[in-house]
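Participant: Below is one structure. I have some questions about it.
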Amino acid sequence: MQRAGKLRGTVALDERWAVPRGLFFAAKKMKIALHDSDATTYPNYAIMKISAYHKKAGDKVEVFDPFYRDSYDLVYSSKVFDFTPENQYLPRNTIKGGTGYGAYNDLPDEVDSAFPDYSIYPKVDYAVGFITRGCINNCDFCVVPKKEGKIRPYRSVKDLIRSDSNKLVLMDNNILASDFGIRELEKIAGSGIEVDLNQGMDIMLLTPEIIDLLSRIKWINYIRFSCDKMYQVDYFAKWMPLLRKKKMHNKLFIYLLVRRDVNDAATRVEELKKLHSNICIYAQAERNSSKGVVPTKEQLEFAQRYVYGRLYKRETFEEYKRKRGLKYVSGEPVNDESPFFARSMTDLSCYGGKK
Ligand code: SF4
């Protein structure tokens, strides 16, 4: 289930990059600056590939420093989130890409095929990547169908893994919808590779066989699913007994989209709690600047304090509001959401020592 760029966005990948290439490079070695606009805890996949591409061409590559902005031959900037502010010091001819810039095209093939240069994120000890791109669905709040189209194979696990790490963070939007994706997950199971599928999987695509496969995978922390729509709760109810039997229930991490109808989200939370009283939920208020979708104060209160603060585990949202005297005017939008979610979604420690 997709979160990139607009909601649970993780790492930029989809770019309209006008990367100059070919003979141009042979003629002149350049000084390249890379700018990761969002600066989240995740490495920027596109930036790492551009770095690798230019280093292979013999160019000097460094992180963008505004102090030296006039010394660069080329500056690249990637932006995942549309709410990330523009860096005013970027040169006017900066090559920009990423959903945050409203760009949906991929990197050129010769850049996209480069193995990411992880050296520019020295604190990152895992590989990132995609096994599949695209999705079989067309959810109205999601940018994936527009930017990636229908699901298709992208890379094998062996092409993603780092030689110095057995950890792999996959950003696939709907891997269980792809036979190729499932075959690659089979390769991961029992391989010693630790995985985080950080965009969440589709609970509706589970089968006993898929649950068995997932139970054999070594997860970095969580097994992530989405519950963005009320009818998905039925599938959690259907599969929870088997997930519990396989001892996977205390690794579940449920993404929950919060749209204008906050009661809908609150009901989904209560239904999930009935299935697993200690369930780990991570809510995100819908926002999409390009469509003018801005979260209300109530959406943000629900996502950022009630759910993120784990208060959902001990009270309903109605109780939460009543105790605090919170009242909301229907549809009142605000525009002050920060990249709070992107920085915090992996820091959650939902299950404590109860696994
Ligand atoms: S299932 Fe819906 S939300 Fe998830 S990636 Fe596909 S279109 Fe987007």
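The values are calculated or read from the model by the stated rules, or taken from the named source; none is laboratory data. None of these values were measured; they are calculated from a predicted model. Cβ sites come from the backbone with ideal geometry, for glycine too, and all protein chains shown count toward neighbours.
Participant: Filter segment 150-165 for residues that are under 18 Å from the mean Cα position of the chain (by Cα) and crowded, with 19+ Cβ neighbours inside 10 Å; which is farthest from the ligand (Cβ to nearest atom)?
Facilitator: 160
Participant: When you go through 147, 49 one by one, which is the residue that is assigned to a helix (DSSP H, G or I), within 30 Å of residue 205 (Cβ to Cβ) and either within 16 Å of the ligand (Cβ to nearest atom) or outside the structural domain of residue 34 (by TED's automatic domain parsing) (or both)?
Facilitator: Sole residue among the options that is assigned to a helix (DSSP H, G or I), within 30 Å of residue 205 (Cβ to Cβ) and either within 16 Å of the ligand (Cβ to nearest atom) or outside the structural domain of residue 34 (by TED's automatic domain parsing) (or both): 147.
Participant: Do you know which residues across segment 57-70 are in a helix (DSSP H, G or I) and modelled with pLDDT of 95 or more?
Facilitator: Those that are in a helix (DSSP H, G or I) and modelled with pLDDT of 95 or more: 66, 67, 68.
Participant: Output the residues belonging to segment 197-232 that are under 30 Å from residue 261 (Cα atoms) and either touching a residue at least 60 places away in the same chain (Cβ under 8 Å) or more than 16 Å from the ligand (Cβ to nearest atom) (or both). Before the answer, list the steps.
Facilitator: Filtering segment 197-232 for residues under 30 Å from residue 261 (Cα atoms) gives 197-206, 222-232.
198, 199, 200, 201, 202, 222, 223, 225, 226, 228 - these are the residues of segment 197-232 that are under 30 Å from residue 261 (Cα atoms) and either touching a residue at least 60 places away in the same chain (Cβ under 8 Å) or more than 16 Å from the ligand (Cβ to nearest atom) (or both).
Participant: I've got another one for you. Out of all the residues in segment 275-292, is one or more touching a strand residue (DSSP E or B) at 6+ places or on another chain (Cβ under 8 Å), in a helix (DSSP H, G or I) and buried (at least 18 other Cβ atoms within 10 Å of the Cβ)?
Facilitator: No; the residues of segment 275-292 include none that is touching a strand residue (DSSP E or B) at 6+ places or on another chain (Cβ under 8 Å), in a helix (DSSP H, G or I) and buried (at least 18 other Cβ atoms within 10 Å of the Cβ).
Participant: While we're looking at this one, here's another question. Quick one: how many residues across segment 58-75 are surrounded by 13 or more Cβ atoms within 10 Å (Cβ to Cβ) and hydroxyl-bearing (Ser, Thr, Tyr)?
Facilitator: 1
Participant: Could you grab me the full set of residues in segment 97-144 that are outside the structural domain of residue 195 (by TED's automatic domain parsing), within 16 Å of the ligand (Cβ to nearest atom) and either assigned to a loop (DSSP other than H, G, I, E, B) or more than 15 Å from the chain's Cα centre (by Cα) (or both)?
Facilitator: Residue satisfying the conditions is 104 alone.
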